[in-house]
Structures are given as structure tokens and as C-alpha cells.
Amino acid sequence: DLFGANKKYFNDFFRLIKERKLDFRIVVPGGLNINVFNEDMIDVLIEHGLNAIYFPLESGSKYVQDNIIKKRVNLDKAIRLINHTKQKGIFTGINIVIGFPGETKELVYETYDFIKKLPVDWIAFFTAYPYPETEMTNIFLERGDITEDDLMETWECSTQSFKQRPFDTKEFFGEELSGMVYDFNIQLNFFSNYNLRTKNYSDMLIKLDKIINRYPFHVVALACRAKCYYELDRQQEAFDDVNDMMNLIKSNIESEKMFRRYKKWIVATVDFAEDLMNGFNFSEKQ
């Protein structure tokens, strides 16, 4: 954020880099602040090798932006910058945080409705956790959602992706919130992923390969990859993935749970293998 805040310094820095013909690649793991950066600055970063951009949007609700997290991100500008980076052929993602104190279910769905239309390659979902010495921690403590004794367990859980938040609030039970966040991840990153919707199957395959390598039980990713293979006229690989998916459902408890939760969407995604799926006994165990 500070690096981009001084536009003159930013432009002078990269002008000198270009003059001295220094060769390096820009990586911005924390993302680009939407209120700070503009299209011209993003183009400069791309010129110097930035090939993936995440925007830390956090919320797609104007009320949450202005009154709860107080980042006051300009949502119209966010749409503009996301469209710009996507048109440049750059991998584009956003970070979303759900479960802020005072964020109701209605406000969460304002974010859902906003982000589901964005042309992003990936959405990184996070559950709001109270970190040490932050305003959020003080609010949760003042409201009685957590106690000082709960903080260590809470901080340990915050490092584990999609782990249930170990406390309830007046807005959400911990289990309910975790389920909602994970459902959003599955719906928007897989079944309704922008690249899948717009038939950018080759781009989608790159991300799906990484997910399946990291999470071999992920039958949703397998179903989506099978769909991509089929649409790319790689039928043998598509049916291989469907067969692998069915075997996992019968042999892996995580795969079975995932299938039961998202069965309707999985079956619809691999509709090209309808005969194969109809002949499969989902309750059968190997």
C-alpha cells in the first residue's frame, strides 16, 4: 500500500529500473490496494513481470466496507480494475473475508451477489478471526463472543484453512459460518467459476491440476476438470477423471462426504457421462 501511495516515487522507481535494464519479477503476495492503485500503475507492474494479481476486496457490501471494516473500498473502481487486469490476460483473484462482528447473513449475501458476477480466476475465502491487539478482537471481547482464555485456541485455528471458528456470535454459529464459507468456495470457484462459465477451459485446467495434486480427495475439482477435458475434446481424460471420482467416492471418506454434500452439482457438471453415473451405486463401499 505504501509503495503505491506516492505515485511520483512509484513511477520514478520503475523508470530507473527500465533505464538500468534490471531484470526481475514483481510478486505482490498481499495484493494490490484498490484505493491506491490505478490502471496505469498496474500496467507498469505487468510490464515488469507481474503475472498474477489479487485484490484484497474483503467485502462486496458497501455497508460492511463503510461501517464495519471501514476500508471504504470503492466497489465501482474494484470492478474497473478487475476488468482491466483480466483483459490484460493476467491471473486475477480477490480475497474475501466473512464473519466480521456485526456482519449479518443478509450482508454476507450482498457480498456473494457482488462477487459472483466478477470476471475473476479465483476467490480466496477467509473466515474473520480476532487477531492480537486488533479492533476486531476488542469488539468480540466486548460483545462477549469470546473471552481472553479463548484467544489462544482461536488464533491457532485461524492458521487452518476452512477450519470451524471455535466460537459463536449473535450473527452466526461457528459451524454455520464455516459451512457457508466453504459452500461459497465450492460454488464460486468451481461450479460457477468465471472461466468455466465463459468456456476458458484451458485456463481453468491450470488451477484444477494444482488443486487435485494438493487435495487428491477433491471430487468437485475432478468433476470440473472432467468437464474441461470433455469440452476440449479430450474425452478419454474426461472419462478417466469420472472413473477416478467414482472410485474415490467409494473408497475415501472425505470424497464421499463431499459428493453427498454437492451431489446435484457434480452430476450436472459431468452430464456427458450420464450413463456411467446412472450405473454407479453411490452407497456401495469397496
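Tabulated data for the structure shown
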read-out: Cβ-Cβ under 7 Å pairs, at least 6 apart or on other chains, segment 10-35 side within 19 Å of K77 (Cα to Cα), far side charged (D, E, K, R); value: N33/D1; I34/K77
read-out: Selection count where residues are in contact with an Asp or Glu (Cβ under 6 Å, 6 or more places away or on another chain) and either more than 23 Å from Y194 (Cβ to Cβ) or small (G, A, S) (or both), scope segment 225-249; value: 2
read-out: Test: residue in segment 178-185 that is closer than 30 Å to K105 by Cβ, assigned to a helix (DSSP H, G or I) and touching a Cys at 6+ places or on another chain (Cβ under 9 Å); value: no
read-out: From D233, D241, residue being modelled with pLDDT of 95 or more, part of a helix (DSSP H, G or I) and not hydrophobic (A, V, I, L, M, F, W, C); value: D241
read-out: Residue among L177, L208 that is within 20 Å of E103 (Cα to Cα) and surrounded by 15 or more Cβ atoms within 10 Å (Cβ to Cβ); value: L177
read-out: Residues of segment 117-145 that turn out to be surrounded by 12 or more Cβ atoms within 10 Å (Cβ to Cβ), assigned to a loop (DSSP other than H, G, I, E, B) and at pLDDT 90 or above, as a count; value: 6
read-out: Contacts under 6 angstrom Cβ, first residue in segment 208-220 being closer than 23 Å to K263 by Cβ, partner of a type in the set (K, R) and assigned to a helix (DSSP H, G or I), 6 or more apart; value: L208/R225
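A quick yes/no check of all residues on (1) modelled with pLDDT of 95 or more; (2) assigned to a helix (DSSP H, G or I); (3) surrounded by fewer than 16 Cβ atoms within 10 Å (Cβ to Cβ):
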| site | (1), (2), (3) |
| --- | --- |
| Y9 | no, yes, yes |
| G60 | yes, no, no |
| Q65 | yes, yes, no |
| V73 | yes, no, no |
| D113 | yes, yes, yes |
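The values are calculated or read from the model by the stated rules, or taken from the named source; none is laboratory data. Nothing here was measured: the structure is a model prediction, and the numbers come from that model. As a convention, Cβ positions derive from the backbone with ideal geometry for all residues, glycine included, and neighbour counts pool all protein chains shown.
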